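Novice: Dumping the structure here so I can ask a few things about it.
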Amino acid sequence: MKKFWQLAASATLALSMLVACGTEKETETQQKEGAVVVEENNETAFPVTAVDALGNEITLEEAPDRIVSLTPSNTEILFGLGLDEEIVGVNDNDNYPEQVADKTRVGGIEYNVETIVSLQPDIVFAHESSMFSLESAIAQLEASGVTVFVVNNAENFEETYDTIEVVGTLTGKEDEAEEVISSIQAKLADIEAKLEGVEPKTAFMVVGGAPNIYVVGQNTFMNEMLKFIHVENAVKEDGWPMYSPEQFLAANPDSIIFTYEGDDETIKNNPAFANMTAVQNNALTVVDANTTSRQGPRIADGVESIAKAIYPEVFND
């Protein structure tokens, strides 16, 4: 499936966070995944300890000066927190913000361990969705003394906020993390207000259209975006199932959203789909694959792009 692996690679880790505050030193151990334990002195929030997606406790004695990101969504969060100078290595597929062009590329699905080690990072932000190709790399990095924090896949907005918070805590950017979250929430609230009273519609989100049709299913982050804008997903299966032409035709949603240019033409030009409601009404729209799949600072942009595609009458500029 065309570029389908990027959906997994773009997913970021969602973690729950707990910060222990006060002038007296207090420590409360949280063993569940995603918990953050902060041992605070009178001047700084460090050292901090966070439990990653693998259940490993990762402790940083001070804010990291050198950071490597193995995931585009993580990279966007780190830049969103103002860590431009600290980021020294990024994923081969990173394309936002434009400053990534000046960073060392360390791999896409497979990672160049030697390059990562040579960058002397204080922490490497990895992600659970790449564990199928990351286990060996993590073992080598840890054997070289490199600290790796594996983030989990966020399945909804709240878990994305948790991710931003924990990355902010680990990098000494708590206030900036709250600002990023507030900005996302404000834009989502504006979108929600515009959609008040709207008549719900049904839709497909196609993430691969040639030669096989792969679609967004239930219990995915993209499905959460659809639910937020009062759209019923025509796909009832979980994950990203492959649909046969017969299944695709039978579902017959009001709108079809595509995340890659050209997939819309594949459907539009196929005579088998000529009688579908979305095809007849020309309700086929391509949206940006990055903002709709990366759980980071631009999720509200992704939601808005889908909302504009499905409800053009509401978002008529």
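Novice: Would the range 217-234 turn up any residue that is modelled with pLDDT under 95, in contact with a Lys or Arg (Cβ under 7 Å, 6 or more places away or on another chain), buried (at least 19 other Cβ atoms within 10 Å of the Cβ) and more than 30 Å from Ile58 (Cβ to Cβ)?
Specialist: No, every residue in the range 217-234 fails to be modelled with pLDDT under 95, in contact with a Lys or Arg (Cβ under 7 Å, 6 or more places away or on another chain), buried (at least 19 other Cβ atoms within 10 Å of the Cβ) and more than 30 Å from Ile58 (Cβ to Cβ).
Novice: Going residue by residue through the range 196-207, is there one that turns out to be surrounded by fewer than 19 Cβ atoms within 10 Å (Cβ to Cβ), within 18 Å of the chain's Cα centre (by Cα), at pLDDT below 95 and over 22 Å from Ala63 (Cα atoms)?
Specialist: no
Novice: Before we move on, is Ser69 surrounded by fewer than 22 Cβ atoms within 10 Å (Cβ to Cβ), under 21 Å from Ala143 (Cα atoms), among the small types (Gly, Ala, Ser) and at pLDDT 95 or above?
Specialist: The answer is no for Ser69.
Novice: Another question, then. Here is a list of conditions, (1) under 20 Å from the mean Cα position of the chain (by Cα); (2) buried (at least 16 other Cβ atoms within 10 Å of the Cβ), and Asn95 meets all of them except one; can you say which number that is?
Specialist: The failed condition is (2).
Novice: When you go through Ala250, Ala272 one by one, which is the residue that is part of a helix (DSSP H, G or I), surrounded by fewer than 15 Cβ atoms within 10 Å (Cβ to Cβ), in contact with a helix residue (DSSP H, G or I) (Cβ under 7 Å, 6 or more places away or on another chain) and not assigned by TED's automatic domain parsing to the domain that holds Glu179?
Specialist: Criteria check complete, one pass: Ala272.
Novice: Condition test on Val279, is it part of a loop (DSSP other than H, G, I, E, B), outside the structural domain of Gly82 (by TED's automatic domain parsing) and either free of Cβ contacts under 8 Å to residues at least 60 places away in the same chain or surrounded by fewer than 18 Cβ atoms within 10 Å (Cβ to Cβ) (or both)?
Specialist: no
Novice: Please go through the range 208-237 and give me each residue that is assigned to a strand (DSSP E or B) and either small (Gly, Ala, Ser) or more than 17 Å from the chain's Cα centre (by Cα) (or both), ordered by number.
Specialist: Gly208, Ile213, Tyr214, Val215, Val231, Glu232, Asn233
Novice: Here is a further query. Among the residues of the range 238-247, is any assigned to a loop (DSSP other than H, G, I, E, B) and buried (at least 20 other Cβ atoms within 10 Å of the Cβ)?
Specialist: no
The values are calculated or read from the model by the stated rules, or taken from the named source; none is laboratory data. Quick caveat, the model's predicted, so the values are computed rather than measured. Methodologically, a virtual Cβ is constructed for each residue, glycine included, from the backbone with ideal geometry; neighbour enumeration extends over all protein chains shown.
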